[in-house]
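The values are calculated or read from the model by the stated rules, or taken from the named source; none is laboratory data. Computed from a predicted model, the values in this text were never measured in an experiment. Glycine also receives a Cβ, built like all others from the backbone with ideal geometry; neighbour counts cover every protein chain displayed. When the accessible area is computed, the model is the full protein with side chains, heavy atoms only, and any ligands, DNA or RNA have been set aside. Shrake-Rupley method; radii C 1.70, N 1.55, O 1.52, S 1.80 Å.
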Amino acid sequence: MESSSEMVAFPLLETSSYRACTIPYRFPSDNPNLPTPTELSWIHLFAASIPSFQKRAESDETIPDAKDRAGKFAQRYGEMLEDIKKDPQSHGGPPDCILLCRLREVLLRELGFRDIFKKVKDEENAKALTLFENVVKLNDAIDDPEKRVENLVRGIFAGNIFDLGSAELAEVFAKDGMSFLATCQNLVPRPWVIDDFDTFKLKWTKKSWNKAVIFVDNSGADIILGILPFARELLRRGTQVILAANDLPSINDITYTELFEIVSKLKDENGQLMGVDIGNLFIANSGNDLPVIDLSSVTQELAYLASDADLVIMEGMGRGIETNLYAQFKCDSIKIGMVKHPEVADFLGGRLYDCVFKYNEVSH
């Protein structure tokens with residue numbers, strides 16, 4: 001962690017019932033010395049991602065002996081996963097998605113790798129920046145507010161497919177990338193596996209929020225073509241918007257310093273986001289360094305900025321589905337993301353690449 005100050009619980013979280021991980025990996029009746037079937041399936045999922053991480057690490061030009069170190073990473077992480085299969089308590093277990101991510105990130109950093117996805121993030125950001133104006137113009141041309149918000153939400157789902165933490169998607173991107181607008185058109189048909197969108201759409205036309213906090217996810221199309229057009233629409237409606245992004249790099253997730261750069265590149269000569277004032281747009285360091293997030297530990301800066309927000313949005317599979325899907329907040333909340341692991345699809349009773357839109361309204 002680079003945040004020097006003490007971390008605190010996210011102030012809008014109902015902490016009494018909070019458990020970060022969505023999936024129950026084990027129950028009190030399970031043998032503590034044996035991995036559960038769920039734990040095993042997740043260990044295999046993380047093991048399957050080792051080759052793609054090794055390949056990214058090998059091509060890290062900032063590390064002189066990247067190939068050797070990448071080989072060490074693959075061997076040591078593989079051994080760790082084997083250890084956990086034999087003894088779930090080894091390496092700080094029992095395992096869940098937070099622990100398995102943490103072990104992988106710590107190992108990469110110990111071997112000197114700081115940001116093995118930097119090259120692909122920069123490429124995807126550059127591509128998405130050229131498409132931003134067109135995406136916003138298409139949204140602005142929709143007069144019906146319900147249809148417009150539906151288009152914006154579809155944009156978030158389409159952007160969220162750019163995820164190099166998923167072995168299958170990493171393969172697709174390695175081959176040919178993806179067309180953002182085609183992906184918007186080809187989302188799985190509604191009803192989605194969790195689908196509160198119609199309720200939200202009605203609220204959207206009748207209600208406005210004073211301040212929204214959005215925990216953002218990936219670089220590229222996700223942040224630039226999905227979240228930023230949605231955030232711009234909130235700003236246009238008079239909502240103050242806080243974008244909470246990672247402190248340190250992890251997979252292809254956007255960091256708060258990278259997000260500052262992206263917003264400054266998108267600003268026009270009047271300092272606006274295509275005609276919308278961004279004086280009420282804030283970028284905050286969440287203090288997180290993983291692709292998943294435990295909201296019992298965020299920066300004091302974010303806690304201060306967010307304390308009076310009346311809408312929290314957890315975006316992406318890591319932050320809004322694998323963790324925090326059942327998190328309860330003291331204000332309205334949305335959990336939105338695409339299901340990109342078969343294990344998550346099975347747990348939810350949905351399909352791979354299904355969509356989750358979970359809206360909770362808090363009555364005061």
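Within the stretch 134-161, being among the acidic types (Asp, Glu) and assigned to a helix (DSSP H, G or I) holds for Asp140, Glu146, Glu150. When Ile63, Ile50 are checked against the criterion of being open to solvent by less than 60 Å² (accessible area, probe 1.4 Å), among the β-branched types (Val, Ile, Thr) and under 22 Å from the mean Cα position of the chain (by Cα), Ile50 stands alone in meeting it.
Looking across Leu131, Leu103, Leu181, Leu138, one residue alone is modelled with pLDDT of 95 or more and over 26 Å from Ser333 (Cα atoms). It is Leu103.
Across the stretch 197-230, which residue is modelled with the lowest pLDDT among those that are among the aliphatic types (A, V, I, L, M), over 17 Å from Gly320 (Cα atoms) and buried (at least 19 other Cβ atoms within 10 Å of the Cβ)? Among residues in the stretch 197-230 that are among the aliphatic types (A, V, I, L, M), over 17 Å from Gly320 (Cα atoms) and buried (at least 19 other Cβ atoms within 10 Å of the Cβ), the one modelled with the lowest pLDDT is Ala221. Within the set Arg56, Arg76, Arg69, the sole residue that is within 22 Å of the chain's Cα centre (by Cα) and of a type in the set (D, E, K, R) turns out to be Arg56.
Of the residues Glu39, Glu6, which is over 30 Å from Gly78 (Cβ atoms) and not aromatic (Phe, Trp, Tyr)?
Working: Glu39 fails: over 30 Å from Gly78 (Cβ atoms).
From the options Glu39, Glu6, the qualifying one is Glu6.
Screening the stretch 326-345 for residues that are part of a loop (DSSP other than H, G, I, E, B) and among the charged types (D, E, K, R) and picking the one that is least open to solvent (accessible area, probe 1.4 Å) gives Lys340.
In the stretch 31-42, the condition of being under 16 Å from Gly318 (Cα atoms) and crowded, with 17+ Cβ neighbours inside 10 Å is met by at least one residue. If the condition is being closer than 25 Å to Glu343 by Cα and open to solvent by less than 90 Å² (accessible area, probe 1.4 Å), then the stretch 66-78 contributes Phe73, Ala74, Tyr77, Gly78.
Of the residues Glu82, Glu123, the single one that is of a type outside the set (A, V, I, L, M, F, W, C), more than 30 Å from Asp198 (Cα to Cα), in a helix (DSSP H, G or I) and modelled with pLDDT of 95 or more is Glu82.
For the stretch 115-151, filtering for residues that are surrounded by 16 or more Cβ atoms within 10 Å (Cβ to Cβ) and small (Gly, Ala, Ser) leaves 1.
Out of Asp268, Asp222, which single residue is part of a loop (DSSP other than H, G, I, E, B) and among the charged types (D, E, K, R)?
Numbers: Asp222 fails: part of a loop (DSSP other than H, G, I, E, B).
Within the list Asp268, Asp222, the selection yields Asp268.
Just checking, does the stretch 92-114 include any residue being touching a Pro at 6+ places or on another chain (Cβ under 9 Å), farther than 25 Å from Glu322 by Cβ and open to solvent by 70 Å² or more (accessible area, probe 1.4 Å)? No, every residue in the stretch 92-114 fails to be touching a Pro at 6+ places or on another chain (Cβ under 9 Å), farther than 25 Å from Glu322 by Cβ and open to solvent by 70 Å² or more (accessible area, probe 1.4 Å). I'd like the full set of residues that are out of contact with any helix residue (DSSP H, G or I) (no Cβ under 8 Å at 6 or more places or on another chain) and open to solvent by less than 10 Å² (accessible area, probe 1.4 Å), limited to the stretch 254-283. Residue satisfying the conditions is Thr255 alone.
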